[in-house]
Amino acid sequence: MTVKQLSLPELADACAGLGIRNVGLWREPVRSYGLEATAALVRDAGLTVTTLCRGGFLTAVDPAQRAAAFADNRRAVDEAAALGTDTLVLVSGGLPAGSRDLHGARERIADALAELGPYAERHGVRLAIEPLHPMYAADRCVVSTLAQALDLAERFPAHQVGVTVDTYHIWWDDRAPGQIARAGAAGRIHTFQLADWTTPLPEGVLDGRGQIGDGAVDMREWRAYVETAGYTGPIEVELFNDGLWARDGREVLAETAARFVEHVME
């Protein structure tokens, strides 16, 4: 998603040129290019798919809408398995139209996980609940903190349901480091993602994630938290940013790789 202006073949070629061996994919470009074709492309390029994004949106009340969401999430699990990744990221969903019941919405997510978790396990896929910044609670994700995500995940086995740790969404929360330790102790950190926090936020706020090093987030600090918690998996960079998308994608990818070394690794 950081370089969504690149086609999947262009992305694979650019990754090869930079020595990048891992990539997190989104379902929309995979669907456009074709699931089997994408699986062959990444395999032939020597790329490992770290995660597939996204499943979720599990808060509907209407039975037909819930059935449709369940069916879509089962397809997402199938797609993740076909791509060779063991992790499907979940964005849980916002409040249904006219509702103010956050508690009820979160309980419907748990009800859905009770069905989807075993289905995912049978396909060798883990579900990773991603808490989103509270500004998205109404329309996109009623799970706003790692504590809330873990409260849901811990109702299920860790090999079925864990969490996504994304700096963009949790950097402000002084309880988050303790929750990372909690998640790590239980083997529930299923993926770790980076994006910086820059202001002012754009209209609509969705596409405001900053390039690494441009904002307020201490990336080394958050890397230390997850590593101390025992996480040894890949680190993804996921940037929704209109300015980056308007630039040459290969240039953005090279810049992002360099920023990763500068602000995360060194």
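Test residue 147 against the criterion of being open to solvent by less than 50 Å² (accessible area, probe 1.4 Å), assigned to a helix (DSSP H, G or I) and in contact (Cβ under 8 Å) with a residue 40 or more places away in the chain, and give yes or no.
No; evaluated as a whole, the condition is false for this residue.
Against the conditions (1) part of a loop (DSSP other than H, G, I, E, B); (2) open to solvent by 30 Å² or more (accessible area, probe 1.4 Å); (3) small (Gly, Ala, Ser), where does residue 158 fall short? Just the number, please.
Looking at each condition in turn, residue 158 falls short on (2).
For every residue, the table says whether it meets (1) within 21 Å of residue 138 (Cβ to Cβ); (2) in contact with a Phe, Trp or Tyr (Cβ under 9 Å, 6 or more places away or on another chain).
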site	(1), (2)
2	no, yes
8	no, yes
12	no, no
31	no, no
56	yes, no
75	no, no
95	yes, no
99	yes, no
113	no, yes
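Among the residues of segment 172-183, is there at least one that is among the polar types (S, T, N, Q), surrounded by 17 or more Cβ atoms within 10 Å (Cβ to Cβ), closer than 24 Å to residue 257 by Cα and at pLDDT 95 or above?
Within segment 172-183 (the criterion being among the polar types (S, T, N, Q), surrounded by 17 or more Cβ atoms within 10 Å (Cβ to Cβ), closer than 24 Å to residue 257 by Cα and at pLDDT 95 or above), the answer is no, since none of the residues qualifies.
Here's a check for you: in segment 245-260, which residue that is of a type outside the set (Gly, Ala, Ser) and open to solvent by less than 40 Å² (accessible area, probe 1.4 Å) is farthest from residue 5 (Cα to Cα)?
256
Scan segment 99-114 for residues that are open to solvent by 10 Å² or more (accessible area, probe 1.4 Å) and either modelled with pLDDT under 95 or touching a Ser or Thr at 6+ places or on another chain (Cβ under 7 Å) (or both) and jot them down.
108
Could you go through segment 124-137 and let me know if any residue there is open to solvent by less than 10 Å² (accessible area, probe 1.4 Å), among the β-branched types (Val, Ile, Thr) and in a strand (DSSP E or B).
Yes.
So the check is Cβ under 6 Å with 6+ separation or different chains; which pairs have a first residue in segment 199-215 that's under 19 Å from residue 251 (Cβ atoms) and a second one that's open to solvent by 60 Å² or more (accessible area, probe 1.4 Å)?
Listed pairs, sorted by first residue: 207/242.
Kindly establish whether residue 154 is touching a His at 6+ places or on another chain (Cβ under 9 Å), within 21 Å of residue 104 (Cβ to Cβ) and touching a residue at least 12 places away in the same chain (Cβ under 8 Å).
It is false that residue 154 is touching a His at 6+ places or on another chain (Cβ under 9 Å), within 21 Å of residue 104 (Cβ to Cβ) and touching a residue at least 12 places away in the same chain (Cβ under 8 Å).
Table: residues versus (1) of a type in the set (Asp, Glu); (2) out of contact with any His (no Cβ under 7 Å at 6 or more places or on another chain); (3) closer than 23 Å to residue 100 by Cβ.
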{"position": "131", "(1), (2), (3)": "no, no, yes"}
{"position": "146", "(1), (2), (3)": "no, yes, no"}
{"position": "164", "(1), (2), (3)": "no, no, no"}
{"position": "169", "(1), (2), (3)": "no, no, yes"}
{"position": "188", "(1), (2), (3)": "no, yes, no"}
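The values are calculated or read from the model by the stated rules, or taken from the named source; none is laboratory data. Everything numeric in this text was worked out from a predicted model, so none of it was measured. Neighbour counts are summed over all protein chains in view; Cβ atoms, including those assigned to glycine, are modelled from backbone coordinates with ideal geometry. Calculation scope for accessible area: heavy atoms of the full protein, side chains included, ligands and nucleic acids excluded. Shrake-Rupley method; radii C 1.70, N 1.55, O 1.52, S 1.80 Å.
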